[in-house]
Amino acid sequence: MKRTVMALAIAAMSASIANAQPLIDWDKIQIKTIDLGNRTYMLEGQGGNITVAVGNDGILMVDGQFAPLSDKIKAAIKAISPLPIKYMINTHFHGDHTGGNENFAKDGVTIVAHDNIRVRLAAGTVVGLTGAKNAPRPPEALPKQTYLGGTITLDIGGRTVRLTHVANAHTDGDTWVYFDDANVVATGDVFNNLRRYQNIDFANGGDVRGMVRANDAFLAIANADTKVVPGHGGLANRPDVVEFHAMLTTARERIGKLFREGKTEKEVIALRPLKDYDATWAVNDAAAIANTRNVYNSFNRL
Ligand SMILES: [Zn+2]
């Protein structure tokens, strides 16, 4: 996979900071299409990975990256199939996954998501670690078909796609998507394949315990051939999820124990409870501290 160091750094940054809007030269971004088999594809550009599934009467896509890339993404999908895009699923509300919503909705694409995404996009949000504010999005950007929990299915003609909500994980509105006829899972940001800590957006319902539960679910359905489309990073497989799950579980156990002992956030940061993991999973000290804060505040959710 051809990726520059800079692109990796930006990907890591947007994975670790909620709604990071790095300075990007949009003209330089290319959309790369990876064929996953059985009319299912992964699209890489900038922001959260996109999954595309072609049915007999339409196309379903998972996430839509940033608005300036919408035309390039539409062109990449047209090159796969001339059928219309019927559905776009938002795995969660962050801008690097929902930035293109308006541009797809105006073509008649139905945006489907957990109902908390509609609520958060309409109200605007605040990033817990930095206090940075995200403005409310216009009505055209809001999902028109929402669900409240459990699993729902969507039909694209001869193919059934399964959407499952995992409560309080990366945010409070996460959906992961399973294409059982292609053995493909699209995870959204409850998993990344960067070998980096993942943001847990505790100010918007994120919780390390839900992150673990989401990855439990992936391990329960994934076999050796399962293709895992991560929120960020290259195409993954079951062993990648096993490694990420182990990191998350350790973080939940160690920091949860300190929380229950009554230690403050400051005290826990000073103890460096994930020191052995920080060396490889954090790009730098600030990222290590941010992860500890995210996990700690999971137990103290805003
Ligand atoms: Zn995210």
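The values are calculated or read from the model by the stated rules, or taken from the named source; none is laboratory data. These numbers come from a predicted model, not from an experiment. Cβ placement follows ideal geometry from the backbone for every residue including glycine, while neighbour counts extend to all protein chains displayed. Calculation scope for accessible area: heavy atoms of the full protein, side chains included, ligands and nucleic acids excluded. Shrake-Rupley method; radii C 1.70, N 1.55, O 1.52, S 1.80 Å.
Would you point out which residue out of 209, 137, 213 is in a loop (DSSP other than H, G, I, E, B), in contact (Cβ under 8 Å) with a residue 24 or more places away in the chain and either within 16 Å of the ligand (Cβ to nearest atom) or over 14 Å from the mean Cα position of the chain (by Cα) (or both)?
Result: 137 is the single residue among 209, 137, 213 that is in a loop (DSSP other than H, G, I, E, B), in contact (Cβ under 8 Å) with a residue 24 or more places away in the chain and either within 16 Å of the ligand (Cβ to nearest atom) or over 14 Å from the mean Cα position of the chain (by Cα) (or both).
Pairs, please: C-beta under 8 Å, at least 6 apart or cross-chain, first residue farther than 13 Å from residue 184 by Cβ and among the β-branched types (Val, Ile, Thr) and in segment 229-248, second assigned to a helix (DSSP H, G or I) and within 16 Å of the ligand (Cβ to nearest atom)?
Listed by first residue and then by second, the contacts come to 241/215.
Would you be able to tell me the number of residues in segment 266-288 that are open to solvent by less than 20 Å² (accessible area, probe 1.4 Å), in contact (Cβ under 8 Å) with a residue 40 or more places away in the chain and assigned to a loop (DSSP other than H, G, I, E, B)?
Result for segment 266-288: 1.
What residue, among those in segment 156-176 that are closer than 17 Å to residue 94 by Cα and touching a Leu at 6+ places or on another chain (Cβ under 9 Å), is farthest from the ligand (Cβ to nearest atom)?
Filtering segment 156-176 for residues that are closer than 17 Å to residue 94 by Cα and touching a Leu at 6+ places or on another chain (Cβ under 9 Å), the one farthest from the ligand (Cβ to nearest atom) comes out as 165.
In the set 175, 171, which member is in a loop (DSSP other than H, G, I, E, B) and buried (at least 19 other Cβ atoms within 10 Å of the Cβ)?
Unique residue meeting the criteria: 171.
Return a yes/no flag: does segment 65-82 have any residue that is within 16 Å of the ligand (Cβ to nearest atom), in contact with a strand residue (DSSP E or B) (Cβ under 8 Å, 6 or more places away or on another chain) and either farther than 19 Å from residue 203 by Cβ or part of a loop (DSSP other than H, G, I, E, B) (or both).
Yes, some residue in segment 65-82 is within 16 Å of the ligand (Cβ to nearest atom), in contact with a strand residue (DSSP E or B) (Cβ under 8 Å, 6 or more places away or on another chain) and either farther than 19 Å from residue 203 by Cβ or part of a loop (DSSP other than H, G, I, E, B) (or both).
Go through (1) assigned to a strand (DSSP E or B); (2) surrounded by 24 or more Cβ atoms within 10 Å (Cβ to Cβ) for residue 87 and report which single condition fails.
For residue 87, the failing item is (2).
Looking at residue 24, is it of a type in the set (A, V, I, L, M, F, W, C), under 23 Å from residue 143 (Cα atoms) and more than 16 Å from the ligand (Cβ to nearest atom)?
So residue 24 fails the test.
Does segment 103-127 hold any residues that are of a type in the set (Lys, Arg), surrounded by fewer than 23 Cβ atoms within 10 Å (Cβ to Cβ) and farther than 30 Å from residue 83 by Cα, and which are they?
Within segment 103-127, none qualify.
Inspect all residues belonging to segment 52-71 and state whether any of them is surrounded by 15 or more Cβ atoms within 10 Å (Cβ to Cβ), over 16 Å from residue 233 (Cα atoms), in contact with a helix residue (DSSP H, G or I) (Cβ under 9 Å, 6 or more places away or on another chain) and modelled with pLDDT under 95.
Checked against the condition, which is being surrounded by 15 or more Cβ atoms within 10 Å (Cβ to Cβ), over 16 Å from residue 233 (Cα atoms), in contact with a helix residue (DSSP H, G or I) (Cβ under 9 Å, 6 or more places away or on another chain) and modelled with pLDDT under 95, segment 52-71 yields no hits at all.
Give me the pairs: first residue in segment 29-57 and farther than 25 Å from residue 93 by Cβ, second residue open to solvent by 10 Å² or more (accessible area, probe 1.4 Å) and among the aromatic types (Phe, Trp, Tyr), beta-carbon distance under 6 Å, and six or more apart or on different chains, which are they?
Note: pairs meeting the criteria are 33/41; 35/41.
Can you tell me which residue is nearest to the ligand (Cβ to nearest atom) among those in segment 178-195 that are open to solvent by 10 Å² or more (accessible area, probe 1.4 Å) and among the acidic types (Asp, Glu)?
Going through the qualifying residues, I end up with 180.
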